[in-house]
Amino acid sequence: MRRQPFVAGNWKMNGSCVTNQKLVAELLESLGDSSAAAFAVCVPHPYLDQVSRLLAGSCLALGAQDVSPHESGAYTGEVAASMLLDFACRYVIVGHSERRSMHAESDALVARKFGAARAAGLVPLLCLGETLAERQAGDTLPVLFRQLQAVLDAHGVAALADAVLAYEPVWAIGTGLTAAPEQAQAVHQALRQYVAERDPGVAAGLRIVYGGSVKAGNAAQLFAQPDIDGGLIGGASLDAKEFLAICQAANI
Ligand code: PEP
């Protein structure tokens, strides 16, 4: 099955009204509507309004970096999925390793966030990834399957039909170390197989993107792998030239 390639930028906690305006203008100048791939930028919550206005009517979709598992109420500091929709968000990252590790987000909490996103009509970008210690212990796949299974237990395999998986080895995020294309492909293939054992149709259509120090110089090789359907891009998404080159590499 031909899956539409997808590239999303994760700005993390970076940007300002001035730099956002410049970055988005540079991206929109070069991203054509005729692309075979889909593109998005996931911005910090305070900039959703600004970037939503800048992107209106463009081929670049808007995403957020986190969502509350709750619908509304006394949850100080939290942002509900319905609020993200108010700013025309289409995507939201859930389970990023920085949130799992720095904010102690459990697999169960990530699954609840995934459910809240879907219930509101957002597309969750579900991040899965192993640490270096887990990889060295030979636990890569068990860790990824455990993270994924929490979502399958809570929402069923059909829920993945409206989601994107992002394989993001923790040891490759922001470190400059990238998984070799074959190494990443092996993991993506195993993840697709795990889903296929539960629903072959969902697995065939499921976009599994790679994240971890993707740059203009390594994107094409990664995206050429049969089970790598694009990328989730951190640092390089803050540089218009780099991000555009990565988008171009997915436009195949
Ligand atoms: C990320 O934050 O999702 C990420 C992949 O970061 P980087 O590209 O900087 O490694």
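Label points 7 Å out from Cα along the Cβ direction at residue 162 and residue 86: separation in nm?
2.1
Excluding residues on the same chain fewer than 8 positions from residue 22, give the lysines whose Cα lies under 18 Å from its Cα.
Within the straight-line cut-off, residue 22 pairs with 12, 241.
Assign one of three labels to the range 1-107, namely rounded, prolate or oblate, based on the Cα gyration tensor with a ≥ b ≥ c the square roots of its eigenvalues; rounded applies when a/c is under 1.5, prolate when it is not and a/b is larger than b/c, and oblate otherwise.
Details: a/c = 1.83, a/b = 1.46, b/c = 1.26.
Here the range 1-107 falls in the prolate category.
Quick check on the chain: take the gyration tensor over C-alpha atoms, sort the square-rooted eigenvalues as a ≥ b ≥ c, and tell me if it's rounded (a/c under 1.5), prolate or oblate.
Numbers: a/c = 1.45, a/b = 1.11, b/c = 1.30.
Rounded.
Given 0.36 nm per residue, what is the gain on full extension from residue 45 to residue 154 after removing their alpha carbon distance, in nm?
Working: separation 109, 0.36 × 109 = 39.24 nm, distance 2.64 nm.
Gain on extension, residue 45 to residue 154, equals 36.6 nm.
Run the 1.4 Å probe and let me know the accessible area of residue 83, rounded to the nearest 10 Å².
Looks like 90 Å² after rounding.
Using only protein heavy atoms and a 1.4 Å probe, report how much of residue 175 is accessible, in Å² to the nearest 10.
70
Under a 1.4 angstrom probe, counting protein chains only, how are 87, 223 ranked by accessible area, largest first? Let's see the in-between values first.
Details: 87 75, 223 10 Å².
From most accessible down to least: 87, 223.
Please give me, ordered by residue number, the trypsin sites (Lys or Arg not before Pro) of the range 170-252 that lie in loop per DSSP and have at most 15 other Cβ atoms within 10 Å.
Values: sites: 192, 198, 207, 215, 241; in loops: 198, 215.
Sparse-neighbourhood loop trypsin sites (Lys or Arg not before Pro): 198.
Fully extended, how many nm does the chain gain between residue 53 and residue 3 (0.36 nm per residue separation, minus their Cα-Cα distance)? Walk me through the numbers on the way to the answer.
Working: separation 50, 0.36 × 50 = 18.00 nm, distance 2.88 nm.
Full-extension gain reported as 15.1 nm.
Can you pull the percent of the chain's accessible area that's carbon plus sulfur, 1.4 Å probe, other chains left in place? Please report the intermediate quantities before stating the final value.
Numbers: 5850 of 10830 Å².
The computed percentage sits at 54.
With a 1.4 Å probe and all protein chains left in place, how much accessible area per residue does the chain have, in Å²? Write out the running numbers ahead of the final one.
Values: 10830 Å² over 252 residues.
Heavy-atom SASA per residue in the chain reads 43 Å².
Go ahead and run the numbers for FRET between residue 28 and residue 106, Cβ-Cβ distance against an R0 of 30 Å, rounding to 0.05. Could you put the intermediate results ahead of the total?
On the way: r = 38 Å, r/R0 = 1.27.
In this case the efficiency is close to 0.20.
May I ask which residue of 156, 247, 104 lies farthest towards the positive end of the charge dipole of the chain, with charges of +1 (Lys, Arg) and -1 (Asp, Glu) on Cβ and the Cα centre as origin?
Result: 247, furthest along the dipole toward the positive end.
The values are calculated or read from the model by the stated rules, or taken from the named source; none is laboratory data. Only a predicted model underlies this, so the values are computations on that prediction, with no experimental measurement involved. With ideal geometry, Cβ positions are generated from the backbone for all residues, glycine too; neighbour counts draw on all protein chains shown. In case anyone asks, the SASA skips ligands and DNA or RNA and just uses the protein heavy atoms, side chains included. Shrake-Rupley method; radii C 1.70, N 1.55, O 1.52, S 1.80 Å.
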